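The values are calculated or read from the model by the stated rules, or taken from the named source; none is laboratory data. Keep in mind that what you see is a predicted model, and the values were worked out from it rather than measured. Every residue, glycine among them, receives a Cβ derived from its backbone with ideal geometry; neighbour counts consider all protein chains shown.
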Amino acid sequence: MDRYEWGVGTVICGVDGSSRALLAATAAADLANALDTTLTLACVDDPWTRDLGSARSGDVVRAAAEAVDPLTRVDEVTAVGNAARQLTRLARERDASLIAVGSRGRGPAQGRALGSITAIVTGLAECPVLIVPPRVEARVASNAAVGRRLWGTGP
Amino acid sequence: VSGADRTRAEAVGATSHQVPRPRIVCGVDGSRQSCRAAVTALSLADRVGADLVLVHVLPPRPSMTLASVPVGAHPVTAAQMRQLDRLDAEGAFAAVEPQIPSARAERRIERGDAVERLSAIASELRASLLVVGSRGRGPLSGAVLGSVSAELARRGPCPVVIVPPGATLGLADQR
């Protein structure tokens, strides 16, 4: 029986405490709401790159969960290991319909054209990948005052 | 939708049908990847009640469609080049025709730089999403992420959905 007849798998979004990741979470939440599915917020602590610094992955996920649309059904999950690999593994295990990431996150890849994690996720993913470019961030910031949502034309 | 529009819509007791539907723009080039992307885009559009616009971007100059033809082998006239470009665009749309009948999505042909044109259309239509395959027919088709998708992710005007080759298309499996 094909489960997709009944519903769409969760939208999973990687967060690392950066503002770009938070923006991706906002977009992912809006899309999850539009698709009538859950949002899974995932924070991966990579002991090798230590991208999270002193932050704890559980706190990062919780902060992101509080930042998104309160009507969103949110699952929180943390993992340890390579961020791109763990994120795609979680997506596979949870039958995610979409993986969302910011155009780049924290860490050494910040200055590059496209974050290395973002590029690797796209290479490993078994579902479509949603990326929120930096230009969108600027637009959303300027729209924040009037409370416009990123997605669609809904209230 | 501007704040004024919304207020006006509320004032006349408008239903959601009278609010402009969100739009999803999808780039197609006839490659298998772009077909996958188009099917994903249609599936997303269906689910969220959005309109789908398929865009095929022709190379900046007509002759560039002929990259695979040996230079100087046969002189090609401008009219023939235009003809080839037309066939190119028809081919790109024909490739998605089985999954996406004409009535389900608007089709547009543009000419220029693919990243620039797709961004411009997404901006113009105030698209909620821009959907592309992870790579198309470009010269580096072996790369994990094609230049068009990578560039759109870097400087696109709206959130970009990249559909990788391994995608099982959970969203589209229902079809």
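Odds and ends about this structure:
- Flag for B:GLU110 being outside any helix (DSSP H, G or I) and surrounded by 15 or more Cβ atoms within 10 Å (Cβ to Cβ): yes
- Residue check for A:THR49: among the polar types (S, T, N, Q) and crowded, with 17+ Cβ neighbours inside 10 Å: no
- When segment A:62-98 is filtered for residues that are small (Gly, Ala, Ser) and on the phi > 0 side of the Ramachandran plot, only A:GLY81 remains.
- Remark: pairs (first residue in segment A:56-69, within 16 Å of A:ASN33 (Cβ to Cβ); second residue modelled with pLDDT under 90 and of a type in the set (Lys, Arg); Cβ separation under 9 Å; 6+ apart in sequence or on different chains) = A:ASP69/A:ARG149.
- Residues that are touching a helix residue (DSSP H, G or I) at 6+ places or on another chain (Cβ under 8 Å) and either within 17 Å of A:THR122 (Cβ to Cβ) or not basic (Lys, Arg) (or both), drawn from segment B:34-48: B:SER34, B:CYS35, B:ALA38, B:VAL39, B:LEU42, B:LEU44, B:VAL48
- Every condition in (1) more than 11 Å from the chain's Cα centre (by Cα); (2) within 14 Å of chain B (Cβ to nearest Cβ) is met by A:ALA28 except one, and the failing one is (1).
- Positions within segment A:113-140 being facing another protein chain (nearest Cβ under 7 Å), at pLDDT below 75 and touching a Ser or Thr at 6+ places or on another chain (Cβ under 7 Å), in sequence order: A:LEU114
- The residue list A:ASP69, A:ASP75, A:ASP46, A:ASP36 contains one member that is away from every other protein chain (no Cβ under 14 Å) and out of contact with any strand residue (DSSP E or B) (no Cβ under 8 Å at 6 or more places or on another chain), which is A:ASP69.
- Verdict on A:LEU31 being in contact with a helix residue (DSSP H, G or I) (Cβ under 6 Å, 6 or more places away or on another chain) and either loosely packed, with under 15 Cβ neighbours inside 10 Å or not basic (Lys, Arg) (or both): no
- Flag if B:VAL132 is surrounded by 20 or more Cβ atoms within 10 Å (Cβ to Cβ) and either closer than 28 Å to A:ALA100 by Cβ or modelled with pLDDT of 90 or more (or both): yes
- Segment B:26-54, subset of a type in the set (Val, Ile, Thr) and surrounded by fewer than 24 Cβ atoms within 10 Å (Cβ to Cβ), residue farthest from the other protein chains (Cβ to nearest Cβ): B:VAL53
- For segment B:97-119, the candidate set comprises residues that are hydrophobic (A, V, I, L, M, F, W, C) and at pLDDT below 90; within that set, the residue that is farthest from B:VAL55 (Cα to Cα) is B:ALA103.
- Considering the conditions (1) more than 7 Å from chain B (Cβ to nearest Cβ); (2) at pLDDT below 75, A:TRP151 is excluded by exactly one of them, (1).
- Meets criteria (at pLDDT 90 or above, part of a strand (DSSP E or B) and of a type in the set (Val, Ile, Thr)) for B:VAL39: no
- A:LEU23 modelled with pLDDT under 90 and assigned to a helix (DSSP H, G or I): yes
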